[in-house]
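Read through the structure below, which is laid out as structure tokens, and then see the notes.
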Amino acid sequence: MKSMFDLDRRHCIAAGCRGADRLLGDRRYHHPDFDKKGLEGWRAVHREAALSQTAWNAERERAVRMGLPGAESIEDRSISTFARGELPHYAGINTFLKAPYVENARDAGKYDAAILGVPFDGGTTFRPGTRFGPQAIRRISALYTPYNFEIGVDLREQMTMCDVGDVFTIPADLEKTFDQISRAVAHVFSQGALPIILGGDHSIGFPTVRGIAQCTSRRIGIIHFDRHADIQEKDLDERMHTTPWFHATNLPNVPASNLVQIGIGGWQVPREAVAVARERDTTIITMSDVEKLGIDKTAEIALEIAWKDADAVYMSFDIDSVDCGFVPGTGWPEPGGFLPREALGLVGRVAKEGLCGMEIVEVSPPYDTSDITALFATRVIVDALGAIVANGKLGAHKPVIDKPAAF
């Protein structure tokens with residue numbers, strides 16, 4: 001009687017045995033013309049060799065100088081006694097991506113980009129909690145390095161970035177908070193740094209754009225990712241998170257014709273907003289449109305409309321544009337949104353043409369699971385920055401600053 005391990009070709013093939021051909025001395029060539037040099041992975045591995053390590057070496061040297069040399073038992077002499085810089089990822093003060101904290105806001109202009117948090121949820125109309133969004137995004141951003149394998153970019157080596165901290169928001173007063181936000185964004189923008197705003201609910205979209213628009217006479221377009229239109233005049237008798245684009249497109253140099261809204265749909269789009277979108281003739285691209293057009297074509301259309309006769313484009317990314325199965329930590333979750341790779345693909349394609357600022361909003365940590373929503377928000381920011389750097393658009397916003405604010 002044969003053992004179950006006594007293989008013959010007929011029985012092994014019938015049973016689907018993986019090793020049958022090898023055992024019989026045969027070799028199978030599924031892809032005889034395969035050349036690994038055609039893989040993105042192969043190209044990425046070789047692109048990395050061209051990247052500098054100057055900033056990384058300087059950071060490690062500074063860590064030892066500022067944090068004291070490590071104990072004698074530590075063999076790696078780049079390890080300091082007190083944690084400084086990127087490593088270890090689980091330690092340190094929570095700035096975004098371990099960027100330097102700039103306590104003197106007047107120094108923001110010394111950097112290519114500046115992170116500023118807007119901890120505000122006074123504009124929410126259902127679940128609050130986005131005031132804790134900036135903290136959560138900063139905390140989980142420590143998980144990342146500044147290097148992206150696929151696009152071959154190292155943000156630490158190819159740009160400078162600081163974290164100027166949070167805007168002092170007024171929880172019980174929308175309008176005073178809006179004034180604070182506009183002032184903060186105008187300052188950062190006027191200094192020449194690219195403002196990157198961590199929200200906060202989406203009501204902040206209006207004052208962030210206003211802060212930029214007041215510093216330039218040039219025309220600004222907006223590309224807005226969301227499941228909700230956010231363009232009605234008021235909600236609950238106030239300028240809540242459902243209203244930013246009504247007021248932003250009232251600004252003289254931010255016309256509604258340059259507003260592109262991607263991902264809108266579902267059962268949470270108020271008819272009041274639809275009426276305004278129709279009246280102002282904005283461009284709304286639904287998820288069904290994205291499916292039919294594809295990512296490349298959607299990005300092309302969005303860029304064409306947002307940039308038409310415009311001199312700069314602002315990107316607003318509402319985290320709830322992504323299907324809530326992937327980002328549960330938000331105030332108005334809505335199924336049927338983007339898959340993560342779809343959203344990131346669009347963000348990269350939009351950002352590669354250059355931005356005058358960007359915001360990530362509606363991250364609500366009290367409803368998050370394992371920080372996955374805050375992590376995706378972090379990914380949106382670094383992917384946008386990576387695309388800007390990779391395509392030589394860093395600093396492209398500076399020529400439009402012809403009316404800088406001075407405080």
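Please treat every number below as a calculation from the coordinates, not as lab data. Since we're looking at a predicted model, the values are computed, not measured. With ideal geometry, Cβ positions are generated from the backbone for all residues, glycine too; neighbour counts draw on all protein chains shown.
Key figures
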quantity: For the stretch 196-351, average projected area of the Cα convex hull in nm²; calculated: 8.5 nm²
quantity: Contour excess over end-to-end distance, with Cα ends at Asp33 and Lys398 and 0.36 nm allotted per residue; calculated: 126.6 nm
quantity: Among beta bridges that DSSP assigns inside the stretch 83-205, antiparallel share in %, nearest 5; calculated: 15 percent
quantity: Links that overshoot a 31 Å alpha carbon limit, given the list Lys110/Lys297; Lys36/Lys398; Lys98/Lys393; Lys110/Lys234; Lys98/Lys308; calculated: Lys110/Lys297; Lys36/Lys398; Lys110/Lys234; Lys98/Lys308
quantity: Proportion of all alpha-carbon pairs of the chain beyond 28 Å (%); calculated: 51 percent
quantity: Beta bridge orientation in the stretch 209-312: antiparallel %, DSSP, nearest 5; calculated: 10 percent
quantity: Reachable aspartates and glutamates from Lys352, criterion Cα separation under 12 angstrom, eight or more residues apart if same chain; calculated: Glu300, Asp383
quantity: Where chymotrypsin sites (Phe, Trp or Tyr not before Pro) fall in DSSP loop in the stretch 263-348, at most 10 other Cβ within 10 Å; calculated: Trp267
quantity: Size of charge dipole - the chain - debye, nearest 20, with Cβ of Lys, Arg +1 and Asp, Glu -1, no other charges; calculated: 940 debye
quantity: Projected label distance in nm at Arg278 and Lys308, using a 7 Å step from Cα toward the beta-carbon; calculated: 2.0 nm
quantity: Helical mean residue ellipticity (222 nm; -39500 (n - 2.57) per DSSP H run of 4+; nearest 500) of the chain; calculated: -10000 deg cm²/dmol
quantity: Percent of Cα pairs exceeding the 29 Å cut-off, where the set is the stretch 118-269; calculated: 21 percent
quantity: In the stretch 122-175, the GluC sites (Glu not before Pro) that fall in loop regions by DSSP, at most 14 other Cβ within 10 Å; calculated: Glu150
quantity: Projected label distance in nm at Leu251 and Trp267, using a 7 Å step from Cα toward the beta-carbon; calculated: 3.6 nm
quantity: Gyration tensor verdict on the stretch 250-291 (Cα atoms; rounded if a/c is under 1.5, prolate if a/b is larger than b/c, oblate otherwise); calculated: oblate
quantity: The stretch 62-138: trypsin sites (Lys or Arg not before Pro) in DSSP loop, at most 14 other beta carbons within 10 Å; calculated: Arg77
quantity: Of Val167, Thr208, Met66, farthest towards positive along the dipole that unit charges on Lys, Arg, Asp, Glu beta carbons give the chain; calculated: Met66
quantity: The stretch 96-400: antiparallel DSSP beta bridges as a percent of all, rounded to 5; calculated: 10 percent
quantity: Computed FRET value (nearest 0.05) for Asp173 with Ser73, which takes r as the C-beta separation and R₀ as 60 Å; calculated: 0.60
quantity: Contact order normalised by residue count of the stretch 131-274, Cα under 8 Å, 6+ apart, percent; calculated: 20 percent
